[in-house]
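Below is one structure, written out as structure tokens, with a few remarks after it.
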Amino acid sequence: MTEIITANRPDAEADPPPIRLIATLALAGLISGVAIVGIFEATFETIAVNKARELRAAVFKVLPGVSQMQELTYADEQLVPVTEGMSSENSIYAGYDKELNFVGYAIPGEGPGFQDTIKLLYGYIPADRKVMGMEVLESRETPGLGDKIYKDDVFVGSFRDLPIDPIIEVVKKGRGGKDNQVDAITGATISSRAVVRIINENNAKWLDNLPSPGSEPGLRVETNEVVHD
Amino acid sequence: MIESENQDYNELIKGIWRDNPVFVQVLGMCPMLAVTNSAINAIAMGMATLFVLVGSSFLVATFKKWIPKQIRISCFIIIIATFVTVADYTLLALIPTVHKELGAFIPLIVANCMILGRQEAFASKNTVRLAVMDALGMSAGFVFALFTLGAVREILGSGSLFGVDLFGGAFEPWIIMILPPGGFLTLGLILFFFNWVTHRREIFLERVAEAERSGS
Amino acid sequence: MQELFWIFISSLLINNFVLTYFLGICPFLGVSNSLETSFRLGLATTFVMLVTALCAWVLNTYLLIYAPYLRLISFIVVIASTVQFIEMLIKKMSPTLFRALGIFLPLITTNCAILGLAIFSTNRGYGFLEGITYALGAGFGFTIAMVLLAGLREESELSEVPALIEGTAMNLIIAGILSMAFMGFAGLFSST
């Protein structure tokens, strides 16, 4: 390529012919492409491992007692494990205990909060029809107020053992008392409501279509998500 | 030899105070305001910028003879974008927690006018050695500015520095400082302070000159 | 539909590009000294943002699913060249429109709000309609911020400002107060 460049360059000071401009840009693009692909290949594995570990930690947090998990999605109206090449856009996670018995689902959800979209994951036990835990994955709620939806232990703790029937409700602190009610955080009522609304919306979306308790898909060992915690 | 070392030193030092890219030239503000809500984020962003600026200045100064004038800007941008992508992936692999905080603002280093500005104004016209010195100095100035802003905002807004609580609960943090308005206000006040210092210095130098005149 | 509305209002007011993400600060502080210019620059930016959203969608759907690592470099190259091409097109087709918007176009392409729009909407996984809505919201949001600041600056020209704080320092503080005012929009959507 350098030969072409020099051959078309009679004088360095004159305007270089277009071929030289294109060749230089192409060369720059080529080198840059090689560098980018190189760094991508070099970091790909670490990044994938980090992401998988983060997700697994979140699933294990919202489903106590779970030590293994797999991703499930609907294909032909059936809940099946996600295999490679499948779109994982609309999926939930199933958690299993040490004896490979099914425990519950971890369902991701998102929706508008006070400032921006809140993304969260919550654990659901179909046998008891109860939410077992909630973990906020991403949010930009106001520091000191709205961020209590993941920093306030009492609020996060109120999503443990929470019956979902008929619907989860948010009440002002001390006004509730029923099992399906969650106390709103003082000063962050809107963020508290947003979390509960996201859970209710996803319950409505998923629960009717889940297989009846007892017939959940078993753990596919080939998915290789098996890591003991 | 002494001369050239002196020049190295000059190129290195000018970016930190006299030509500070943020406080004096007011460049590269969009990444810097958004991520300076804590000192650690500010430093991470500063380091990523340092890597990109030094790397691109080195390459641009090395290859300046082969880059035709007409397409120099495109070439600079390709070089910068490559370094930014490298920084992005490296950070994501090595410190994912910091990457999550900085998020979309790492790719935006490309649009930091300070970096392109240094290539156009300095690296493409000087030796490799001077270009690297200049890039190091400018990045040091940038890191210094980011850190100042991040530290002020974190101390006032969270009552802590590097996540370590400073006041033991005796101070009610001004949450507004770690929110977006705090970024604008803090930078505005720091620029005001810089203007004030420069102004005082001018007055001082004038007085010295006057005293010398009347003395002699 | 409701989701599109949330995207629009969120990028227009609650998460205004300039006042909460600090994107596009350079033109925000540099050009906003007259209402008329600010308004036109805002409209031109909105236009470029729409083009950007379109480019980003095409790239995301057809190229970047195979090669995600080319994201940044392809965004920059494709967006810059598309805008330049459109600029030439407008110049030929409608000189009036070119006089109104065209002179700003090269300036806008280097604006970090443009790249920010492409990257943010990719990170959020927006599809075609969502991307266009996001671009409209962000563009109009940028226009609002520009016009508001320009109005306040025109006003401040008539008052006596201490020399030390004049210029960028004061504009930043005005922007800070505007940003504080815009915080009032947070919670618009979840209050029901």
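The values are calculated or read from the model by the stated rules, or taken from the named source; none is laboratory data. Because the structure is predicted, anything quoted here is derived from the model rather than measured. All Cβ positions, glycine included, derive from the backbone under ideal geometry; neighbour counts span all protein chains shown. Ligands, DNA and RNA are excluded from the accessible area calculation, which covers all protein heavy atoms including side chains. Shrake-Rupley method; radii C 1.70, N 1.55, O 1.52, S 1.80 Å.
Using the beta-carbon distance between B:S160 and A:Q78 and R0 = 41 Å, what value does 1/(1 + (r/R0)^6) give for FRET efficiency, to the nearest 0.05?
Rounded to the nearest 0.05, the efficiency is 0.20.
Which of the residues in the range A:107-153 show a loss of at least 40 Å² in accessible area from their chain by itself to the complete set of protein chains, at a probe of 1.4 Å?
A:P112, A:F114, A:Q115, A:D116, A:R140, A:P143
Report the longest stretch of chain A that contains none of the GluC sites (Glu not before Pro) sitting in a DSSP loop with at most 15 other Cβ atoms within 10 Å.
A:100-229
Between B:W196 and B:I95, what FRET efficiency follows from the Cβ-Cβ distance if R0 is 51 Å, with the result rounded to 0.05? Numbers along the way, then the final one.
On the way: r = 37 Å, r/R0 = 0.73.
It comes to 0.85.
Using a simple charge model, +1 on the beta-carbon of Lys and Arg, -1 on the beta-carbon of Asp and Glu, nothing else, what dipole does chain B show about its Cα centre, in debye to the nearest 20?
Values: 15 positive and 16 negative charges, 128 e Å.
Roughly 620 debye for chain B.
Grab the DSSP H runs of chain A that are 4 residues or longer, score each as -39,500 (n - 2.57), total them, divide by all residues and round the 222 nm result to the nearest 500 deg cm²/dmol.
-11000 deg cm²/dmol
Is the shape of the range B:2-215 best called rounded, prolate or oblate, per the rule: a/c under 1.5 gives rounded, else a/b larger than b/c gives prolate, else oblate, with a ≥ b ≥ c the square roots of the Cα gyration tensor eigenvalues?
oblate
Given the options B:L166, B:L116, B:L156, state which has the largest fluctuation in a GNM of chain B using a 10 Å cut-off (strictly under) for Cα springs.
Comparing B:L166, B:L116, B:L156 in a Gaussian network model of chain B, the most mobile one is B:L166.
What residue among A:S212, A:S32, A:S191 shows peak mean-square fluctuation when chain A is described by a Gaussian network model with Cα springs under 10 Å?
Of A:S212, A:S32, A:S191, the most mobile in the Gaussian network model is A:S32.
Within 10 Å of each candidate Cβ there may be at most 13 other Cβ atoms; applying that plus a DSSP loop requirement, which chymotrypsin sites (Phe, Trp or Tyr not before Pro) in the range B:33-126 survive?
On the way: sites: B:F51, B:F58, B:F63, B:W66, B:F76, B:F83, B:Y89, B:F105, B:F122; in loops: B:W66, B:F122.
The qualifying sites are B:W66.
With helices defined as uninterrupted DSSP H runs, which ones in chain B have an alpha carbon span along their own long axis of at least 27 Å and mean Kyte-Doolittle hydropathy of at least 1.6?
The qualifying helices are B:39-63, B:72-94.
May I ask you to compute the full-extension gain from A:L137 to A:K119, defined as 0.36 nm times their residue separation minus their alpha-carbon distance, rounded to one decimal in nm? Walk me through the numbers before you get to the answer.
Details: separation 18, 0.36 × 18 = 6.48 nm, distance 0.54 nm.
That works out to 5.9 nm of additional length.
Given axes a ≥ b ≥ c from the Cα gyration tensor, I'd like to know whether chain A is rounded (a/c under 1.5), prolate (a/b larger than b/c) or oblate.
Cα axes put chain A in the prolate bin.
Is the C-alpha gyration tensor of the protein assembly as shown telling us rounded, prolate or oblate? Criteria: a/c under 1.5 is rounded; beyond that, a/b larger than b/c is prolate, otherwise oblate.
Taking the square roots of the gyration eigenvalues as a ≥ b ≥ c, the protein assembly as shown is prolate.
Heads up, I need the accessible area for B:T85: 1.4 angstrom probe, whole protein in place, Å², nearest 10.
Approximately 10 Å² of B:T85 is accessible to the 1.4 Å probe.
Mind giving me the nanometre distance, one decimal, between the label points for A:I167 and A:S212, set 7 Å out from Cα along Cα→Cβ?
Modelled inter-label distance: 2.7 nm.
Could you tell me the center-to-center distance, by alpha carbons, between the range B:1-71 and the range C:8-51 in angstrom?
Each part's Cα centre sits 27 Å from the other's.
Got the relative contact order for chain A handy, in percent, Cα pairs under 8 Å and 6 or more residues apart?
Here the relative contact order equals 15 percent.
What is chain B's relative contact order, in percent, from Cα pairs under 8 angstrom and six or more apart in sequence?
After rounding, I find 33 percent.
Between B:E5 and A:A52, what is the label-point separation in nm under the 7 Å Cα-to-beta-carbon projection?
Between A:A52 and B:E5, the label points sit 5.4 nm apart.
With loop defined by DSSP as not H, G, I, E or B, and exposure as at most 16 other Cβ atoms within 10 Å, which is the longest segment of chain B clear of exposed trypsin sites (Lys or Arg not before Pro)?
Of all site-free stretches, the longest is B:66-216.
Using only protein heavy atoms and a 1.4 Å probe, how much accessible area in total is buried between B and C, to the nearest 100 Å²?
2800 Å²
Counting only protein heavy atoms, what percent of the accessible surface of the range A:48-209 is carbon or sulfur at a 1.4 Å probe?
Numbers: 3720 of 7870 Å².
That share works out to 47 percent.
Ignoring everything except DSSP H segments at least 4 long, calculate the 222 nm mean residue ellipticity for chain C; use -39,500 (n - 2.57) per segment, divide by total residues, nearest 500.
Working: 10 runs with 139 residues, N = 192.
Counting only the DSSP helices, I get -23500 deg cm²/dmol.
Does anything in the range B:191-205 have its amide N under 17 Å from the 7 Å Cα→Cβ label point of B:S214, and if so which residues?
Output list for this probe position: B:203-205.
Provide the FRET efficiency to the nearest 0.05 for the C:Y66-A:A204 pair, computing r from the beta carbons and using R0 = 30 Å. Spell out each step's value before the answer.
Values: r = 36 Å, r/R0 = 1.19.
My answer for the efficiency is 0.25.
Rounded to the nearest 10 degrees, what's the angle between the helix A:189-206 long axis and the longest principal axis of chain A, both from Cα atoms, 0 to 90?
Approximately 90 degrees, to the nearest ten.
In percent, how large is the relative contact order of the range C:11-184, given Cα pairs closer than 8 Å and 6 or more residues apart?
Relative contact order for the range C:11-184 comes out at 44 percent.
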